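The values are calculated or read from the model by the stated rules, or taken from the named source; none is laboratory data. If you're wondering where the values come from, they're calculated on a predicted model, not measured in any experiment. FYI the Cβ positions are ideal-geometry reconstructions off the backbone, even for glycines, and counts take in every protein chain you see. Note: areas computed on protein heavy atoms with side chains; ligands, DNA, RNA excluded. Shrake-Rupley method; radii C 1.70, N 1.55, O 1.52, S 1.80 Å.
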Amino acid sequence: MPRDLTPSTIENTFVLKALTERTRLDSRSFNQLRDLDISFSSTDYGVVDVKLGRTRVIARISAEITQPYADRPYDGLFIISTEISPMAAPTFEAGRKSEDELVISRIIEKSIRRSGALDTEALCIISGEKCWAIRADVHFLDHDGGLMDAACIAVSAGLLHFRRPDITIVGVGSRREVILHPITERVPVPLAVLHVPICVTFSFFDVRKASAAIAGLPGKDNMKEADDDDVEEENDSSTTVLVDATLQEELLRHGYMSVTANTNREICQIQKGGDMPVEVGKLLSCAEAAIMVAEKVTKLINKRLKEDEARRNVGNLLVEARAENDR
């Protein structure tokens with residue numbers, strides 16, 4: 001049976017008291033990300049290793065030729081598969097998806113596939129007969145909070161880094177055949193990525209509940225003892241928002257909101273969890289902060305892609321071999 005991750009009472013009190021004093025255990029500010037490291041495989045395209053603090057996620061992009069769906073003959077297939085094993089954390093069980101894993105899978109699905117990040121029409125080879133099926137396998141190796149954010153970054157970077165083999169269609173009518181050219185014969189083709197979605201998770205803490213917990217009073221009793229004026233005065237000052245919470249902070253938060261944005265200043269998806277109400281102004285400020293984080297992370301991804309291309313393109317052979325024109 002999986003073991004629940006339950007922090008001790010001393011840890012709870014220490015973390016909550018630090019938050020009431022506007023201090024995080026890792027000395028970060030409330031709106032600061034952990035150190036983000038993105039690395040690509042030196043041999044295969046589409047293999048990405050993302051480290052967000054002590055959280056580690058590996059994504060692998062693969063492609064195969066298959067038959068499209070009957071109701072969408074002009075579109076290819078894009079499938080995202082997630083796997084969280086006990087290697088990441090003892091709370092997960094092998095071969096059985098927990099509630100947390102289902103939430104992570106749905107958010108990644110909405111953030112990347114349903115937002116149209118990948119142009120599936122460009123994956124069509126022969127209408128109604130053959131198309132490319134792109135598969136993203138996400139493996140979680142270490143869990144220290146921010147699994148959704150790290151997984152979204154890994155899949156987005158993997159799609160940008162992946163190259164599919166080039167193909168040639170020969171024949172006419174029902175005798176058409178698809179010839180697959182290996183990478184050693186032709187330069188592989190990148191995917192048509194329309195935008196780069198980046199997921200940012202915000203954790204909400206109720207300062208008054210935290211103060212009541214530190215004082216040893218139940219949150220509901222403390223609310224009853226408060227004056228009516230104090231209850232009506234509940235505003236942004238009573239809500240503490242953390243960006244990129246660690247696992248310990250996630251276990252103690254009263255609510256969260258996951259926002260996926262891109263560099264076009266578009267919000268791809270928003271999902272809020274927990275029973276803590278948050279004012280509209282606070283939610284809008286979180287969305288604006290998510291856009292800023294998306295721009296910063298996208299710049300880092302593009303920088304790592306250029307470094308990987310320079311390492312692979314020794315002697316400028318790939319540039320000379322490609323057939324596309326610079327626009």
Residues in region 138-160: is at least one open to solvent by 10 Å² or more (accessible area, probe 1.4 Å), in a loop (DSSP other than H, G, I, E, B), more than 19 Å from residue 246 (Cβ to Cβ) and of a type in the set (D, E, K, R)? no
Residue 65 fails exactly one of (1) touching a Cys at 6+ places or on another chain (Cβ under 8 Å); (2) farther than 19 Å from residue 199 by Cα; (3) at pLDDT below 90; (4) among the β-branched types (Val, Ile, Thr), namely (3)
Please indicate, with yes or no, whether at least one residue in region 175-195 is modelled with pLDDT of 70 or more, assigned to a strand (DSSP E or B) and under 30 Å from residue 278 (Cβ atoms). no
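A quick yes/no check of all residues on (1) closer than 30 Å to residue 310 by Cα; (2) surrounded by 13 or more Cβ atoms within 10 Å (Cβ to Cβ); (3) more than 26 Å from the chain's Cα centre (by Cα):
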{"residue": "14", "(1), (2), (3)": "no, yes, yes"}
{"residue": "25", "(1), (2), (3)": "no, yes, no"}
{"residue": "40", "(1), (2), (3)": "yes, yes, no"}
{"residue": "43", "(1), (2), (3)": "yes, no, no"}
The listed residue being in contact (Cβ under 8 Å) with a residue 40 or more places away in the chain, among the hydrophobic types (A, V, I, L, M, F, W, C) and out of contact with any Asp or Glu (no Cβ under 9 Å at 6 or more places or on another chain), out of 187, 196, 172: 196
So residue 15, is it touching a strand residue (DSSP E or B) at 6+ places or on another chain (Cβ under 8 Å) and not small (Gly, Ala, Ser): no
So which of 134, 84 ends up being of a type in the set (A, V, I, L, M), in contact with a helix residue (DSSP H, G or I) (Cβ under 8 Å, 6 or more places away or on another chain), crowded, with 22+ Cβ neighbours inside 10 Å and over 27 Å from residue 35 (Cα atoms)? 134
Boolean, residue 263 is of a type in the set (Ser, Thr, Tyr) and in a helix (DSSP H, G or I): no
